[in-house]
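The block underneath contains the structure these notes are about, expressed in structure tokens.
The values are calculated or read from the model by the stated rules, or taken from the named source; none is laboratory data. None of the values given here were measured: they were computed from a predicted structure. Glycine gets a Cβ as well: all are built from the backbone with ideal geometry, and neighbour counts include every protein chain shown. To get the accessible areas, we keep the full protein, side chains included, count just its heavy atoms, and leave off ligands, DNA and RNA. Shrake-Rupley method; radii C 1.70, N 1.55, O 1.52, S 1.80 Å.
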Amino acid sequence: MALSAPRRIPLSDQVIAQLRTQITSGEWPVGSRIPTEVALVEQLGVARNTVREAVRALAHNGLLDIRQGSGTYVLATSELAGVMHRRFADADQRQVAELRATLECSAAGLAAGRRTPQDLDLLDGTLARREAAWRSGGAEDFVQADAAFHQAVVAAAHNEVLAAVYADLGEVMRAHLRYDVGPELIAERYVGHDGILAAIRAGDARMASLEAGRAIGACVPAEA
């Protein structure tokens, strides 16, 4: 087979790759605002048009959300996650709750049998941040903190396929949490997650699954 001369990678593609790495590595978490265009130009040492092209490309792929007058925010950690967000943006929220229950109840049960001391430390920390976010009164902060706790439960299941699927559905799950929580935090809608962590810590898979399901079910209005 004949060899061909190596091609130079366009500068815009190099910038796209660098920005994508910031997202996929968690350096720019989902929900966070990325540096301004001016800041990126300075950090990367490229022209403003190159940065703008890269940001628009990542927005087109579903990783970034450009909000006029507010900034650009991380929407998803992969192109697939962005596709999933767009695909289920108008999904019936009761069906999303059923999907959450399927994944999170299974994850909690697996986590009860597989959690490590490091997993429990992470769960303790994310649960504490969830409680602090509730007390602070910020709905979006609470959604992000609650999502982090559930992500930690999934991670403690030590199933790479489950973790990847859950991550790709991350923004779909957060959208459902926003639907549950509403624009303001109301005491009557608070659902504690201490029972989930207690069951995982005790190694009780059945109770962990039940507690995870109860937490989700308590948020979903009963059918008429």
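Some values worked out for this structure:
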item	result
Boolean, Ile186 is open to solvent by 20 Å² or more (accessible area, probe 1.4 Å) and farther than 27 Å from Thr24 by Cβ	yes
Hits in region 189-209 (condition: in a helix (DSSP H, G or I) and more than 23 Å from the chain's Cα centre (by Cα))	Ala198, Ala199, Arg201, Ala202, Ala205, Arg206, Met207
Count of region 47-62 residues which are within 21 Å of Val83 (Cα to Cα) and either open to solvent by 60 Å² or more (accessible area, probe 1.4 Å) or not small (Gly, Ala, Ser) (or both)	6
Test: residue in region 211-220 that is outside any helix (DSSP H, G or I), under 23 Å from Gln95 (Cα atoms) and either basic (Lys, Arg) or at pLDDT below 95 (or both)	yes
Filter result for Asp65 (surrounded by 12 or more Cβ atoms within 10 Å (Cβ to Cβ) and within 23 Å of Ala163 (Cβ to Cβ))	no
Filtered residue count, region 143-165, keeping only those that are farther than 17 Å from Leu122 by Cα and either polar (S, T, N, Q) or open to solvent by 10 Å² or more (accessible area, probe 1.4 Å) (or both)	5
Set Arg87, Arg114: member being in contact with a His (Cβ under 8 Å, 6 or more places away or on another chain), surrounded by fewer than 17 Cβ atoms within 10 Å (Cβ to Cβ) and farther than 12 Å from Tyr166 by Cβ	Arg114
Residue list for region 8-46, filter: assigned to a loop (DSSP other than H, G, I, E, B), among the aliphatic types (A, V, I, L, M) and either open to solvent by less than 80 Å² (accessible area, probe 1.4 Å) or within 17 Å of Leu64 (Cα to Cα) (or both)	Val30, Ile34, Val46
Residue pairs meeting the criteria (Cβ under 8 Å; at least 6 apart or on separate chains; first within 18 Å of His60 (Cα to Cα), in region 19-47; second of a type in the set (Lys, Arg) and buried (at least 18 other Cβ atoms within 10 Å of the Cβ))	Val30/Arg174; Gly31/Arg174
